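S.K.: Got a structure for you, written out below as structure tokens; questions coming shortly.
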Amino acid sequence: MADPKQYEQLMSRILRIGVMVSSLLMASGLLVASLQTTSVTTPDRNPTLGELIRRLASGHFATAGGSLAATLMFVGLLSLMLTPFLRVLTTLAIFRAEKDWRFVGIATLVFLLLAGQVVYSLY
Amino acid sequence: MSLPSFLLLVAGGFIAGTFGTLLGIGGGLFLIPFLVLVVGTPMHQAVATSIVAVIATSSTGASINLQRGTVNIRFGMLLEIATVLGAIAGGLTANLLSGALLTKMFSAIMLIAALFMVQRVRVKHDDRLLATGGPFPGNYTDEATGELVRYTVTRIPGTMFVSLLAGNLSGLLGIGGGVFKVPAMHLLSGVPIKAAAATSNFMIGVTAAASAFIYFSHGHLNPAIASSATLGVLGGSIAGTQISKRIHSIALVWVFVALLFVVSIQMYLK
């Protein structure tokens with residue numbers, strides 16, 4: 001794949017899919033919440049990113065965010081927040097395929113900055 | 001969350017998304033005042049919600065602009081170094097500041113954004129004066145005229161500095177920062193206004209993602225508020241794109257600018 005137009009289409013598709021998946025998850029969470037009688041979560045009980053990921057990793061999907069509805073919404077929000085990461089990774093792969101090493105370096109730096117703040121946010 | 005609260009958030013997000021898209025400044029400048037003044041959301045939560053909504057609208061807009069070929073991907077990637085650094089610093093700083101101080105800062109930025117909007121209406125963009133001979137050559141076909149527009153980018157350090165500040169405001173106050181980046185790209189670097197707006201939009205999602213995790217890590221992301229408002233803003237931005245094809249009234253811009261002034265004062269007095 002060498003045509004820049006194809007690369008642009010690929011990035012466009014990734015962004016669109018990211019938004020669609022996250023919107024579906026958030027909408028599902030809101031739907032589940034509307035079917036439940038209990039409150040989703042109160043502002044002072046929002047789990048932090050680290051807590052949420054640790055609970056998800058230990059297999060407690062239904063209660064990771066406090067309830068199934070909140071978990072679905074959190075995973076939707078997380079997918080949305082990770083969509084730009086995918087976009088940067090795709091750009092990096094494109095520059096690498098084009099052997100544009102200067103921009104491979106720039107894209108890598110942007111990705112490392114993003115990844116660094118996620119790691120910082122986890123601890 | 002009750003059904004009326006959900007509907008209020010979706011409706012507020014929808015209106016913020018529509019207004020933001022019609023003005024070309026994203027939904028954050030309208031969403032945050034709505035959340036703070038109408039819903040009563042704490043400022044840090046409002047900023048966190050706005051940042052997530054900004055990612056959604058930016059990703060959708062960037063997806064369309066990439067298909068149109070108006071994004072200067074390389075120039076955008078270079079500027080992202082500055083915006084991401086600024087956003088991380090902004091996100092970390094915001095969590096050290098009080099909600100009251102952030103609200104006052106936001107009201108000041110709303111006023112500045114309104115002045116930028118006035119300037120944008122008054123200044124006629126002339127893409128015939130495009131720079132040549134610089135790095136990052138770009139081209140796109142103008143859908144309105146069918147002409148192929150070619151340009152190159154100049155005075156990059158100045159635009160990078162403005163991008164750093166715009167990224168910082170994004171992390172600090174939850175706005176996209178396009179209102180500052182687009183004029184910088186156009187006036188400083190000679191990027192045609194359509195390419196500048198598309199490239200700015202392309203960068204905003206990454207910039208917002210840089211600080212979103214910081215707000216999440218501090219527990220400022222309320223899932224119900226963020227999900228409802230984001231879905232509303234997303235719907236509003238799609239509606240705004242459709243409406244903007246039919247409405248080209250400068251009077252409408254003046255109405256929105258007046259609205260920004262009024263809401264800015266209300267935010268200051270909050």
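S.K.: Quick one: length gained pulling A:MET20 to A:LYS5 fully straight, 0.36 nm per residue minus the C-alpha distance? It would help to have the intermediate numbers written out before the result.
M.R.: Numbers: separation 15, 0.36 × 15 = 5.40 nm, distance 2.24 nm.
Full extension from A:MET20 to A:LYS5 adds 3.2 nm.
S.K.: May I pose another question? Mind listing the phi-derived Karplus ³J(HN,Hα) values for the stretch B:209-218, rounded to whole Hz, using 6.51, -1.76 and 1.60 with θ = phi - 60°, and x for any glycine or proline?
M.R.: Calculated HN-Hα couplings, in order: 4, 5, 9, 4, 5, 5, 5, 4, 5, 8 Hz.
S.K.: Follow-up. I'd like to verify something in chain A: which complete DSSP H helices, judged by Cα projection on the helix axis, reach 18 Å or more and average at least 0.5 on the Kyte-Doolittle scale?
M.R.: Details: long enough: A:4-35 (47 Å, 0.82); A:68-97 (42 Å, 1.73); A:101-122 (31 Å, 1.68).
Taking the DSSP H segments of chain A (at least 18 Å long, mean hydropathy at least 0.5), we get A:4-35, A:68-97, A:101-122.
S.K.: Report, largest value first, the span of the C-alpha coordinates of the protein assembly as shown along each principal axis, in whole Å.
M.R.: Cα spread of the protein assembly as shown along its principal axes, largest to smallest: 62, 48, 37 Å.
S.K.: Hey, another quick one. Helix B:223-246 versus the longest principal axis of chain B: what angle, 0 to 90°, nearest 10, using Cα atoms?
M.R.: Compared with the principal axis, the helix lies near 40 degrees.
S.K.: Using only the alpha-carbon atoms, what does chain A span along each of its principal axes? Please give whole angstrom values in decreasing order.
M.R.: 55, 30, 23
S.K.: Where is the GNM fluctuation largest for chain B (alpha-carbon springs, 10 angstrom cutoff): B:GLY190, B:GLY17, B:GLY171?
M.R.: B:GLY190
S.K.: While we're here: Run the count for the protein assembly as shown, please: Lys pairs, Cα-Cα under 19 angstrom, 8 or more apart or on different chains. The partial results should precede the final answer.
M.R.: Details: A:LYS5/A:LYS99; A:LYS5/B:LYS194; B:LYS104/B:LYS270; B:LYS124/B:LYS181; B:LYS124/B:LYS194; B:LYS181/B:LYS194; B:LYS194/B:LYS245.
Eligible lysine pairs with Cα atoms under 19 Å apart amount to 7.
S.K.: Counting only helical runs of four or more DSSP H residues, what would the 222 nm mean residue ellipticity of chain B come to if each run contributes -39,500 (n - 2.57) and the total is spread over all its residues? Walk me through the numbers before you get to the answer.
M.R.: On the way: 10 runs with 192 residues, N = 270.
Here the helix-only value at 222 nm equals -24500 deg cm²/dmol.
S.K.: Could you calculate the FRET efficiency of B:VAL262 with B:THR145 from 1/(1 + (r/R0)^6), where r is the beta carbon distance between them and R0 is 41 Å, rounded to 0.05?
M.R.: Values: r = 37 Å, r/R0 = 0.91.
For B:VAL262 and B:THR145, the calculated efficiency is 0.65.
Quick note: the coordinates plus some simple rules give every number you see, no bench work behind them. All of these numbers come straight from a predicted model, not from anything done at the bench. Backbone-built Cβ (ideal geometry, glycine too); neighbour counts: all protein chains shown.
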